[in-house]
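Report on the structure given below.
Read-outs throughout are calculated quantities, based only on the coordinates presented, and are distinct from any laboratory measurement. Keep in mind that this is a model prediction, so the values were computed, not measured. Glycine also receives a Cβ, built like all others from the backbone with ideal geometry; neighbour counts cover every protein chain displayed.
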Amino acid sequence: RHHVISLADFTPAEYNTVLQTAASFQEVLSRRTKKVPTLQGQVVANLFFEPSTRTRSSFELAAKRLSADTLNFAASTSSMTKGETILDTAKTYLAMGTDIMVIRHKEAGVPNAIAQEMDRLGVRVSVLNAGDGQHEHPSQALLDLFTICTLIDRDRPNIEMLAGKKIAIVGDILHSRVARSNIWSLIASGAQVHLAAPPTLLPKLFAEYIYSEKTDILNGQLFLHWQLEPALQDADFVMTLRLQKERMTAHLLPSLREYHQLFGITRQKLQLCNSNVKVLHPGPVNRGVEISSDLMDDPEFSLIQSQVTSGVAVRMALLYLIGSGKT
Ligand code: CP
């Protein structure tokens, strides 16, 4: 694999390669030096056309831990403010010798368009999608998978561990590229995936399934709910999602108090779940909206900080596998 744009066609073997490579980098990160020379001389450019805290910083740190040189770009302080196009920006970074472009954009399809342009030019530049519009966020889903699997077995994470587990994905599914990538990886793992959202925050196609009373799809692995409770019942993991207010028109934005009452994850609602349930959130979090503030900070239930920590090892694995042409 040359680019990572989507998890739709990832195979179980590829997931396991990423998980096991990330586990070995997690071990490297626990050492005092924390660095390996693997990508020495390579250039990783973080081209972020949309804001980010954890994805951009952890890709940068991951590249540095692999001894690559890093370039950081933010659209707001770039020559795009003078009218330069996205493709010309990418070609400018290509001309500086970039080997891997990590791309985030508010429009779905931009990383793929840049990858196609690089292929058309016949250059060996890889593109990693760091989140494109409502489409996908592959590295987030891979770090979520790694966080869950390493909780089960820290040294030998593999995707088969999740077969039969019940995983609830709750909240603003409509706007969530994180949910879309997670659906691919979790379905590939054999897990039972339950989506719960208000009707306005589910993609239209999913809402039509619920109207037709066909709430289980994809061979009974994906379940759709307009209420939270059936999704939480006996769940092993709960992934809660941010309400993406910046992508909503005013008529779509729910009352935050009502949303928290109906779909916010609290200690009390977790009593419906398996007693060992853990809660994930990709961040950034609207505290007290999609998850109660106390639960978010409770290490007995919350994996939110572990997800951020996992992000560095998983992104090292992606950069290494792409950079050394081993996927
Ligand atoms: N989860 C995630 O993508 O966070 P950032 O927007 O801070 O990168």
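List the lysines whose Cα lies under 25 Å from the Cα of Lys35, skipping any in the same chain that are fewer than 8 positions away.
Lys64, Lys326
Helix hunt in the chain: which complete DSSP H runs extend at least 15 Å axially by C-alpha with mean Kyte-Doolittle at least 1.0? Each step should come with its number before you reach the end.
Numbers: long enough: 12-29 (25 Å, 0.09); 54-65 (16 Å, -1.08); 110-121 (17 Å, -0.18); 138-152 (21 Å, 1.37); 177-189 (18 Å, 0.37); 304-323 (28 Å, 1.13).
What comes out of the filter, once short or polar helices are dropped, is 138-152, 304-323.
Test of the criteria: in region 232-327, which GluC sites (Glu not before Pro) are in a DSSP loop and have at most 14 other Cβ atoms within 10 angstrom of their Cβ?
Those satisfying the criteria are Glu300.
Quick one: Cα convex hull volume of the chain, Å³ per residue? Don't skip to the answer; put the middle values down first.
Details: hull volume 44.8 nm³, N = 327.
Measuring per residue, one finds 137 Å³ for the Cα hull of the chain.
Using the count of nearby Cβ atoms within 10 Å as a rough guide to exposure, how do His105, His137 rank from fewest to most? Display every interim value, and only then the final one.
Numbers: His105 22, His137 27.
Listing His105, His137 from fewest to most nearby Cβ atoms yields His105, His137.
In debye, nearest 20, what is the charge dipole magnitude of the chain about its Cα centre with +1 on Lys and Arg Cβ and -1 on Asp and Glu Cβ, if you could check?
Numbers: 33 positive and 32 negative charges, 161 e Å.
In debye, rounded to 20, the chain gives about 780.
Restricting attention to region 181-290, which trypsin sites (Lys or Arg not before Pro) occupy a DSSP loop and are surrounded by at most 10 other Cβ atoms within 10 Å?
Lys214
Show me, bin by bin at 10 Å from 0, the whole-percent P(r) of region 30-118 based on Cα pairs.
Bins of 10 Å from zero give 16, 47, 29, 7, 1 percent of pairs.
Mind scanning Lys165/Lys278; Lys166/Lys269; Lys166/Lys204 and naming the pairs with a C-alpha gap bigger than 20 Å? Working shown, then result.
On the way: Lys165/Lys278 12 Å; Lys166/Lys269 16 Å; Lys166/Lys204 24 Å.
In this structure, Lys166/Lys204 exceed 20 Å between Cα atoms.
Relative to the compact globular guide of 2.2 N^0.38 Å, what is the alpha carbon radius of gyration of region 139-307, as a ratio? Before the final figure, lay out the partial values.
Details: Rg = 14.9 Å, N = 169, 2.2 N^0.38 = 15.5 Å.
Compared with the compact-globule rule of thumb, region 139-307 sits at 0.96.
Which trypsin sites (Lys or Arg not before Pro) does region 59-130 hold that lie in a coil by DSSP with at most 12 other beta carbons within 10 Å?
Hits after loop and neighbour filter: Arg124.
Just want to confirm a number: the relative contact order over region 139-307, from Cα pairs under 8 angstrom separated by 6+ residues, in percent.
Numbers: 288 pairs, mean separation 38.1, N = 169.
Normalised by residue count, the contact order of region 139-307 is 23 percent.
Would you grab the residues whose amide H sits under 5 Å from the one on Ser302? Only those 5+ places off in sequence or on another chain, please, with H modelled 1.01 Å from N.
Val279
Once you compute Rg and the Kirkwood Rh from C-alpha atoms, what is the Rg to Rh ratio for region 1-80? Let's see the in-between values first.
Values: Rg = 14.7 Å, Rh = 14.5 Å.
When Rh is taken as the Kirkwood radius, the ratio is 1.01.
Quick one: which residues, 5+ away or cross-chain, put their amide H under 5 Å from the amide H of Gly288? H built at 1.01 Å from N.
Ser293
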